[in-house]
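Heads up: the structure comes next, in structure tokens.
The values are calculated or read from the model by the stated rules, or taken from the named source; none is laboratory data. Just so it is clear, the model here is predicted, and its values are computed rather than measured. With ideal geometry, Cβ positions are generated from the backbone for all residues, glycine too; neighbour counts draw on all protein chains shown.
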Ligand code: UD1
């Protein structure tokens, strides 16, 4: 049996890592096709090195472009790769443009398709990822959900129950597998000030491209930094947008905000793990902070990961500057107590592999949840 994985952008890499490892442990070939959506050393190669992910069998080197151009180029370059490699199953993860593009190609070539992290919905089509999720889910033959809201959403959209599995989140498999190594890097002491600190990340187009929103957020961050110093690893698109809006210097000259470039997986995990507060518009960081027990305040109007709010440490607070400042203060005054959602135990990839191998000679399925 051969399972091909697609990995395109930074948030895909930590999701593919435990899957490839779990397939290989069961003697199943599990090559990776890297689309090249993310290509900078510290947005891509570093993650493969740190997480011990095998070098991709192929890199489509699509690079950056508009959504349509990037999606089209992935499709065009992926089609011959899929025909040539003829896997028994294609696995796509998450919700980036590469996920959408490769799902379409597999579907048209009638290659069985599995979507990992299926069913998440923000119900906000202003987010490009929401469109990517909807398409990948409608095309997938098997849908692996990370939380129960995913199962409910898919059922409400008419996806038959027999195609849906609740398995937990592969992203958390990677957090739990690498937390000790992350702590051992000493990154927390190197990158963050002594005492309590907050971590800030921002990259959504709706937050960084719009000048008024970006400017309000920067004002709020500077105010929060007066209460607790902030460490801000800056995504390349964010750095470019802040510079364009004339906001970069304001942050650079604020003594209690520390701007860094994009970090590797282990350094960033160490930083999150030691934080008192996280302010972010990322999807995955809402999950990671939940498992680390670190309070997260999400700078968006919605979340596609409601379990991080109902069980975890996350609250969705929007982008109004006064609300952001008040929310940060309230965390510093009384840190919330939280629990970990069902099946977020570090074994999601094993459950997926068990499920894929069900009924295949020589492989015994494990205890599968449904
Ligand atoms: C993509 C995903 C988003 C994910 C995010 C994590 C989509 C629609 N979006 O957004 O879901 O949360 O990755 O980072 O797929 N750039 C570089 N170096 C790189 C990659 C990008 O400098 O290695 C810059 C380029 O200017 C590029 C911009 O970042 O145009 C945006 O990259 P892109 O992959 O289009 O989207 P992200 O914002 O990274």
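Summary of values
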read-out	value
Options 126, 130; residue that is outside any helix (DSSP H, G or I) and in contact (Cβ under 8 Å) with a residue 40 or more places away in the chain	126
Residue satisfying condition, being modelled with pLDDT of 95 or more, within 16 Å of the ligand (Cβ to nearest atom) and within 14 Å of the chain's Cα centre (by Cα), within set 135, 96	96
Every residue from segment 206-256 that is closer than 16 Å to residue 193 by Cβ, buried (at least 18 other Cβ atoms within 10 Å of the Cβ) and either touching a residue at least 40 places away in the same chain (Cβ under 8 Å) or within 16 Å of the ligand (Cβ to nearest atom) (or both)	221, 224, 228, 230, 231, 232, 233
Count - residues of segment 222-243 that are closer than 28 Å to residue 12 by Cα and in a helix (DSSP H, G or I)	8
Qualifying positions in segment 103-140 - buried (at least 16 other Cβ atoms within 10 Å of the Cβ) and at positive phi	117, 119
Options 90, 143: the member that is crowded, with 22+ Cβ neighbours inside 10 Å, part of a strand (DSSP E or B) and without any contact (Cβ under 8 Å) to a residue 60 or more places away in the chain	143
Qualifying positions in segment 11-49 - touching a strand residue (DSSP E or B) at 6+ places or on another chain (Cβ under 9 Å) and surrounded by fewer than 16 Cβ atoms within 10 Å (Cβ to Cβ)	29
Residue in segment 297-311 that is buried (at least 24 other Cβ atoms within 10 Å of the Cβ) and over 21 Å from residue 148 (Cα atoms) present	yes
When residues of segment 171-202 are limited to those that are in contact with a strand residue (DSSP E or B) (Cβ under 9 Å, 6 or more places away or on another chain) and within 16 Å of the ligand (Cβ to nearest atom), the one nearest to residue 67 (Cα to Cα)	202
Residues of segment 18-46 that turn out to be over 23 Å from residue 77 (Cα atoms) and within 16 Å of the ligand (Cβ to nearest atom), as a count	2
Residue within segment 50-59 that is over 25 Å from residue 84 (Cα atoms) and either surrounded by fewer than 19 Cβ atoms within 10 Å (Cβ to Cβ) or within 9 Å of the ligand (Cβ to nearest atom) (or both) present	yes
Unmet requirement for residue 140, which otherwise passes all of (1) farther than 30 Å from residue 76 by Cβ; (2) away from the ligand (no atom under 16 Å from the Cβ)	(1)
Residue within segment 155-168 that is buried (at least 24 other Cβ atoms within 10 Å of the Cβ), outside the structural domain of residue 306 (by TED's automatic domain parsing) and either over 30 Å from residue 50 (Cβ atoms) or within 14 Å of the ligand (Cβ to nearest atom) (or both) present	no
Test for residue 202: is it within 18 Å of the chain's Cα centre (by Cα) and either more than 20 Å from residue 329 (Cα to Cα) or modelled with pLDDT of 95 or more (or both)	yes
